[in-house]
Structures are given as structure tokens and as C-alpha cells.
Amino acid sequence: MKFNRDAPTAVTIRHVEKGMLKVGAETVTESVVLFRDSVQRGPVAEDISRLTVSDLQHLIDAGPEIIIVGTGWTQALPPRELVFALAKKGIGFEVMDTPAACRTFNILVSEDRDVAAVLAVYLSLIHISE
């Protein structure tokens, strides 16, 4: 059996560490939204426990079959209502720590799946109030 290595794309996550992602040839130092064919920067929700459908509407409008959320280096859970709302729309939704989300995103992109990912590069998407 012969194995062929897939060529990296502009959205292949090549390296992940706290505070930094290497996406394609670009170094990203802030939270980011990735689609299978593009990188978008912009605000990402600070508190995953308060994430709503409207917070993810720009991802939903792109029509992915699955949305992955990388919560930083601590896994957190989204509201159940959000999970159910996305399921009703036929969109898979997975929440995991950012390194796992990066690996999952790369696998799904290599399978030519229509995927979107919201990735926190710092400690967490969870906002801790004092």
C-alpha cells in the first residue's frame, strides 16, 4: 500500500501553541475563524457559555456541514439551546480544546468536507469575571 501526503493548503494549521497558530504560511496571534478555503479575523465570543446562534450567524450563512469551536487550552461547554438550534439546521457542532480542534479541522479539510472553525489562541474563550 502506498501512502501519499496531502499537500498543505492556505488554511492548513501547521503549528499551534498558546498565543499563536501557524495557518498556511501565516502566523495568527489572535482568535480566528477558518473555513475550508479562507481565514477570517474578527471578534470571537469571549464567553462560550453565552454563545448564541446570532453570534455564529456569519458561519451558518456560509453553509458548513460542521462548526468546530476551539475553546483555548481549557475545554468548555456551550449552551444546550445552541447545540439544539444548530442540530435543527442540520449543522454538526463540536466543542473541544484548541489543539484538538486544529487537528480535527485539518482532517476534515483534507477530506474535502465543508467545515468552519472558531479557534481561540489564548488560554480560553471563557470569560472569567472577578
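The values are calculated or read from the model by the stated rules, or taken from the named source; none is laboratory data. Given the structure is predicted, the values throughout are model-derived calculations rather than measurements. Cβ placement follows ideal geometry from the backbone for every residue including glycine, while neighbour counts extend to all protein chains displayed. Accessible surface is based on the protein model in full, side chains and every heavy atom, while ligands, DNA and RNA are left aside. Shrake-Rupley method; radii C 1.70, N 1.55, O 1.52, S 1.80 Å.
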Handout entry: Checklist (1) open to solvent by 80 Å² or more (accessible area, probe 1.4 Å); (2) of a type outside the set (Ser, Thr, Tyr); (3) in a loop (DSSP other than H, G, I, E, B) applied to residue 64, failing item
Key = (1)
Problem - Yes/no for residue 94 being in contact with a strand residue (DSSP E or B) (Cβ under 7 Å, 6 or more places away or on another chain) and open to solvent by 60 Å² or more (accessible area, probe 1.4 Å) - result: yes
Problem - Meets criteria (at pLDDT 80 or above, within 16 Å of residue 120 (Cβ to Cβ) and open to solvent by 80 Å² or more (accessible area, probe 1.4 Å)) for residue 17 - result: yes
Problem - Odd one out for residue 87, checked against (1) open to solvent by less than 70 Å² (accessible area, probe 1.4 Å); (2) touching a residue at least 24 places away in the same chain (Cβ under 8 Å) - result: (2)
Exercise for the section: Just give me the residues in segment 97-107 being part of a helix (DSSP H, G or I), crowded, with 16+ Cβ neighbours inside 10 Å and free of Cβ contacts under 8 Å to residues at least 40 places away in the same chain, in sequence order. Expected result: 100, 101, 104
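One line per residue, one yes/no per condition, for (1) part of a loop (DSSP other than H, G, I, E, B); (2) open to solvent by 80 Å² or more (accessible area, probe 1.4 Å):
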site	(1), (2)
11	yes, no
33	no, no
52	yes, no
75	yes, yes
81	no, yes
